[in-house]
Every structure is written in structure tokens, then in C-alpha cells.
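Below: one structure, written as C-alpha cells.
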Amino acid sequence: MADPYKTLGVAQGASADEIKKAYRKLAKKLHPDVNPGNKKVETQFKEATAAYDLLSDAEKRRKFDAGEIDDQGNPRGFSGWGNAAGRGGAGAGARRGPRAADAGVDDAFADDLFRDFFNFGRGGGQRAGVKMRGADVTYKAEVAFLEAARGAKKRLTLSDGKTLDITIPPGTMDGQSLRLKGQGLPGQGGAPNGDAYVEIGVAPHAYFEREGSDILLECPISLGEAVLGGQITVPTIDGNVSLKVPKGSNTGTQLRLKGKGVPDPKGVRGDQYVRFVVVLPRQMDSELEQSVERWAKTHGADQDVREKFSKS
């Protein structure tokens, strides 16, 4: 992968919001659903997604800018340290108590420290009277927009090779943390295990946007559909539905699809809002131009489309 900043087309000092907007713009252009069968564009989409994954994580970005990791997220100057993402599952990076990785200590060594603290002698016997709950651990995982909206089951492959199965509830928000009771580090002296917390990052979608429990969709319509109306097919998170375009629809006209949003914490679904954008024909033919010209001569002066500019 090239320089992630260049891949997304942003400056090194770009804000998190600028990085997100740049990726969203590229995702809309390069998404495989928009470019079926185009392997070159598919590769560009994967590179853009990898760049966003690195730069959207404040800690990864800091380490990359400081030269501590490369553009793949691997520590510089060390071999055999792969990314946290494993084969066959979503990637997850872990934190435990004070962050061992930040102190230059890998996870396996950190586990040994915990064991050495609570055990003594070659026999490994437990220290008398020591009873302590296991430490909590925190992981990060990125899921697709539709997985978060509709809910999904994911298998995370951890940095130590172990796997963790999680259920993404429908309506999961970006940055939401899921608690997995008893999935943290083991307790000592019969005390319970710690908990695992999984912080969910939701990847932007090519054309859906989310606002609370509502879904926003910008939908292109042709000049004929805008003037004459018609029946069109639009996507929702549940699949395609038929939608009637009213006659005289304009750019900015918005229709509501009730109950087609995502569930809120109480399970009540929001709505989907479809905002029309009128798109002129790719090639203007003489018949259309002449028709518009005749119309403009008799009606154009009756309509001031820029009247708002005259208001103070």
C-alpha cells in the first residue's frame, strides 16, 4: 500500500473528520457494487479502506507518523509481528490494564508477568491467600455498515491466535463498546475472570449515511422522472423497494420510508429518507434543447430561481 495520506488524498495534518470525508468520497466512487468486475478499482478500494483503517485509529496514526509502524501497521525494525487481523475473521487489537504494548512488552510476555506475580517456586504453587479478579481486556474491531445496521455474528482472531465470537446487535453505533462477561484474563485463587470489551468501528457505506436511527440516501433521478414522475427502485438496508417519484420533483425533494431505518436501543426502528438529485442526460440532443428553448421563452421569465439572493 502507498502512503495512506496520499491514498486518501489528504494532508498529513488532516483532521479525523477530513479523513473520514475523504474516505467516504472514495468509497462512493470505488465501491465494488458500483464497479462490478473491475479488479483495478477493487484493489484501489481495498487500499483506500486499509489507509482509512490506519489513519482513523488515533493510536495507529500516531505510531505511523512517528515511524514506529509501517503502512501495514507492522512495527518497524522487527520481523514476525503480523497485523492483529488474522485469517478467517475480523482483526482485533487488544489492550490490557496499563497498555503492555505501549511499554514495549508484547502480549505473551505481559501474560507471563501476570503469572509470575501470582505464582511462586518451580512448582508453580499459588500464593496463599491471593485472590484477585482477572484483568479486563479491550479489543477493537471494524465491521461493515450493513453488519452494524442489521446485526451480525463475527469471529475475531486475536493477536495470540485465539478466536473470539461476538454478536453485533442491530443498530450498533460507530464507537460503541460491547461487553463480553468473563472473556478477559483469568482470575487468581478462584476469583472470576475479567471481562472483554470490544470497541466497534463502523466503516462508511458507499451510498447510505446514518443519522441516529435514520438512514439517509441521496438518489439520482432523470429529468423525465423529475418532470413527469414515475416508479423507481431504491435500496434500503433490508433490500430494494419500489418508490413513487411525484411529478415536478426537484433536487432536494425528500421522501420518507417509514420504519426502514435502524433499531434504537429500545428496538424501535427509525426511518429512511430519500433525497432526490436531478441528473441531466449525459448527452443533450437537439430535440430536448429546442423543447427547453421554447419553454424558456414563454415561462423562463416568470420564475426567479435565485430570488433568495435578493433577500438580506
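Values quoted throughout were computed directly from the atomic coordinates according to the rules given, and no laboratory measurement underlies them. Owing to the predicted nature of the structure, the values given are computational and were not obtained by experimental measurement. All Cβ positions, glycine included, derive from the backbone under ideal geometry; neighbour counts span all protein chains shown.
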Subject >> Cα-projected label distance for SER310 with ARG76, points at 7 Å along beta-carbon direction, nm >> reply: 6.2
Original post:
So what are the radius of gyration and Dmax for the Cα set of segment 1-75, in Å?
Top reply: 12.4, 38
Original post:
What does the highest-first list of 225-233, 195-203, 244-252 look like by mean Cβ count within 10 Å?
Top reply: 195-203, 225-233, 244-252
Subject >> Label point distance in nm, LYS28-GLU59, each placed 7 Å from Cα along Cα→Cβ >> reply: 3.3
Original post:
In percent, how large is the relative contact order of segment 1-75, given Cα pairs closer than 8 Å and 6 or more residues apart?
Top reply: 34
Original post:
All other residues with a Cβ under 13 Å from the Cβ of PHE276 taken together, and with Lys, Arg as +1 and Asp, Glu as -1, what is their net charge?
Top reply: +2
**OP:** Please identify which residues in segment 212-229 have an amide N closer than 15 Å to a label point set 7 Å out from the Cα of THR298, following the Cα→Cβ vector.
**Re:** none
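Between GLU211 and ARG282, what FRET efficiency follows from the Cβ-Cβ distance if R0 is 25 Å, with the result rounded to 0.05?
Details: r = 31 Å, r/R0 = 1.26.
It comes to 0.20.
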**OP:** Work out the length of the dipole vector of segment 208-299 about its Cα centre, built from +1 on the beta-carbon of each Lys and Arg and -1 on the beta-carbon of each Asp and Glu, and round it to the nearest 20 debye.
**Re:** 340
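Using the Cα centre of segment 17-78 as the reference point, and only Cβ charges (+1 on K/R, -1 on D/E), how large is the resulting charge dipole? Debye, rounded to the nearest 20.
Working: 14 positive and 12 negative charges, 59 e Å.
So the magnitude is around 280 debye.
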**OP:** Extending each Cα 7 Å along its Cβ direction at SER291 and ASP165, get the distance between those two points in nm, one decimal.
**Re:** 5.9
Original post:
Between LEU55, GLY9, ALA27, whose Cα lies farthest towards the positive end of the dipole of segment 1-75 when Lys and Arg beta carbons carry +1 and Asp and Glu beta carbons carry -1, centred on the Cα centre?
Top reply: ALA27
